[in-house]
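See below for the structure under consideration.
The values are calculated or read from the model by the stated rules, or taken from the named source; none is laboratory data. Since the model is a prediction, treat every value here as computed from it, not as a measurement. Cβ: placed from backbone, ideal geometry, glycine included. Neighbour counts: every protein chain shown.
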Amino acid sequence: MNNASMPPPGNTSSDRIYQDYAAALAGCERLPRAALTRHCDSLRRDLAAFAYAHSPFYRERLKPLFRKSDAPDLSAWSEIPLLRRADLAAHIDRINPEHVPAHLGAPTIIRTSGTSGSRLAMRTCALARIAASCMMHRMYRWHGLDLSAPLASIRYYSSGRRTYPEGETMRQWSFPGPPAEHHMIDIRHPLAQLAEWLCRRKPGYLLTFPSLAEELALHHADEICAQASPQAVIAISEIVTAKARQRVREAFGCEIAQIYACAEMGCIALQWPNSADSLVCEESVFVEILDEDGNAVGPGETGRVVLSSFYNYATPFIRYEIGDYATRSETSHPHLPHAALKRIEGRRRNALTDSRGRPVWPSTVLSPELSALMPRGRFQIRQTAPAQIELTWGPEAAGYAPDRIAIEAYFARLLRSPIRVTPSPVEALARSSGGKHEPVVSEIAA
């Protein structure tokens, strides 16, 4: 992206910038792997040089890159200490640069969802917002979405404006893209109200948490199919389980397309059509998947997700350990040069711990065998001790009678030791402060 001054959103110049960057992303998909690496390395050097010069926090941390010359040496990248949430909370004023060039646009405040603790405030700039929007456009393009059709978003909104019965409607949802209604409502409403709102809005596409899409498919499928019937579900914020994919497919006759993103970075990886793999958004974020010793994991292996945002110069994120784990794909994409992730596993607290102290990720826990033993709708598996699991479910699964012996036998095989399961219904199965549902939680995860 060039250094032209950022015009205000919504005017002709701004639209042209979105179009130009989206076209550049499409061009990157045709690059040889070596050329894409050179392009991304250039962006990484620019970010490091800026942060070293203008951020008091990074002036010390990035010294390994500048031992040999004034130009950053990327071969020393692994020597940079990891940035963690505690660093953001304690040092955000020193992380933020003393000056943000005017051509990047005025900084604005963004906040994390608060799923991992207190919500963190940081800054972003117009350049980063444009890159994030164009990555979303890439996702829509890959999946063949009609950008002139209406989109409904059911997600967490902090402003308090997007409430039932009307929510809020804006005039565009894809940037770049034509005018198209974007209907928005906060997820913190009863399921029946969200379903009724969705039927009134009749969107072509639904963007929401996969757990909410599954709930709608289970409990309001007939009326939604008759009145709304989304042509695709775009999944955000949570991992997508095989069960959610199956139930959405059966109820609505459409597929779930997963976006892996976060407030700090925007898009990180996008699911490729007709594939379980998600391709990394390498043109806007540098993604490392590291083992516990800080080494890059191999294909098919799981590790910590560490991110560096190329375009957010307002609050630079360099080697930020977001708290997620992901599994690298064993194979490369046959046509595109981008690295691929086989699965997004979630946070360490979302993995059970077996008798040897090793994590068992939700992708393994939530198998078809277990799904056959679980209630309809949302439930939660909570490991409270090495040999103790609590199973809870909400009133939508009234009448569910758990086969405790079979469930305990399943977890005993999975965790390699005898397990006691305590099943109990609850009045409501709460979502997190950011609206997310966690089907698997461990209280003993390291």
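A few notes on this one:
- All conditions but one from (1) modelled with pLDDT of 95 or more; (2) surrounded by fewer than 18 Cβ atoms within 10 Å (Cβ to Cβ); (3) closer than 23 Å to Leu370 by Cβ apply to Arg200; the one that does not is (3).
- Annotation: of all residues in the range 80-109 being free of Cβ contacts under 8 Å to residues at least 24 places away in the same chain and more than 24 Å from the chain's Cα centre (by Cα), the one that is surrounded by the fewest Cβ atoms within 10 Å (Cβ to Cβ) is Asp93.
- As a summary of the residue check, Ile187 satisfies the conditions (1) surrounded by fewer than 15 Cβ atoms within 10 Å (Cβ to Cβ); (2) in contact with a Ser or Thr (Cβ under 8 Å, 6 or more places away or on another chain) except for the one numbered (1).
- Residue identified as assigned to a loop (DSSP other than H, G, I, E, B) and touching a Lys or Arg at 6+ places or on another chain (Cβ under 7 Å) among Pro299, Pro316, Pro334: Pro299
- Leu207 vs. criteria over 30 Å from Gln19 (Cα atoms), within 17 Å of the chain's Cα centre (by Cα) and at pLDDT 95 or above: no
- Residue among Ala53, Ala132, Ala48 that alone is more than 25 Å from the chain's Cα centre (by Cα) and among the aliphatic types (A, V, I, L, M): Ala53
- Neighbours by Cβ (under 9 Å, 6+ apart or cross-chain): first from the range 413-429, without any contact (Cβ under 8 Å) to a residue 12 or more places away in the chain; second part of a strand (DSSP E or B): none
- Scanning the range 178-214 for residues that are basic (Lys, Arg) and not in a helix (DSSP H, G or I) turns up Arg188, Lys202.
- Ser433 vs. criteria among the polar types (S, T, N, Q) and assigned to a helix (DSSP H, G or I): no
- Which numbered condition Asp73 misses (of (1) at pLDDT 95 or above; (2) touching a strand residue (DSSP E or B) at 6+ places or on another chain (Cβ under 9 Å); (3) not aromatic (Phe, Trp, Tyr)): (2)
- Condition met for Ser229 (small (Gly, Ala, Ser) and at pLDDT 95 or above): no
- In this entry, Ile80 passes the filter for residues that are at pLDDT 90 or above and in contact with a Pro (Cβ under 7 Å, 6 or more places away or on another chain).
- Beta carbons closer than 6 Å, at least 6 apart along the sequence or on distinct chains, pair a first residue in the range 239-256 that is buried (at least 17 other Cβ atoms within 10 Å of the Cβ) with a second that is part of a helix (DSSP H, G or I) and among the acidic types (Asp, Glu) for Ala244/Glu214; Arg247/Glu214.
- In the range 88-117, the residues that are at pLDDT below 85 and under 19 Å from Ser159 (Cβ atoms): Ile110, Arg111, Thr112, Ser113, Gly114, Thr115
- Taken over the range 402-444, the criterion of being under 15 Å from Ala387 (Cβ atoms), within 30 Å of the chain's Cα centre (by Cα) and among the aliphatic types (A, V, I, L, M) is satisfied by Leu414, Leu415, Ile444.
- Filter pass, Gly346 being out of contact with any strand residue (DSSP E or B) (no Cβ under 6 Å at 6 or more places or on another chain), buried (at least 17 other Cβ atoms within 10 Å of the Cβ) and not aliphatic (A, V, I, L, M): yes
- Listed conditions (1) at pLDDT 95 or above; (2) among the polar types (S, T, N, Q); (3) exposed (fewer than 13 other Cβ atoms within 10 Å of the Cβ) are all met by Thr12, apart from (1).
- Looking only at residues of the range 225-240 that are in contact with a Leu (Cβ under 6 Å, 6 or more places away or on another chain) and not in a strand (DSSP E or B), we find that the one that is farthest from Ile344 (Cα to Cα) is Ala228.
- Of the residues making up the range 281-296, those that are closer than 15 Å to His338 by Cα and part of a strand (DSSP E or B) are Val285, Phe286, Val287, Glu288, Ile289.
Residue-wise test of (1) hydroxyl-bearing (Ser, Thr, Tyr); (2) surrounded by 17 or more Cβ atoms within 10 Å (Cβ to Cβ); (3) closer than 16 Å to Ser211 by Cα; (4) touching a His at 6+ places or on another chain (Cβ under 8 Å).
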| site | (1), (2), (3), (4) |
| --- | --- |
| Thr353 | yes, yes, no, no |
| Pro375 | no, yes, yes, no |
| Pro386 | no, no, no, no |
| Leu391 | no, yes, no, no |
| Gly394 | no, yes, yes, no |
| Ala401 | no, no, no, no |
| Ala412 | no, no, no, no |
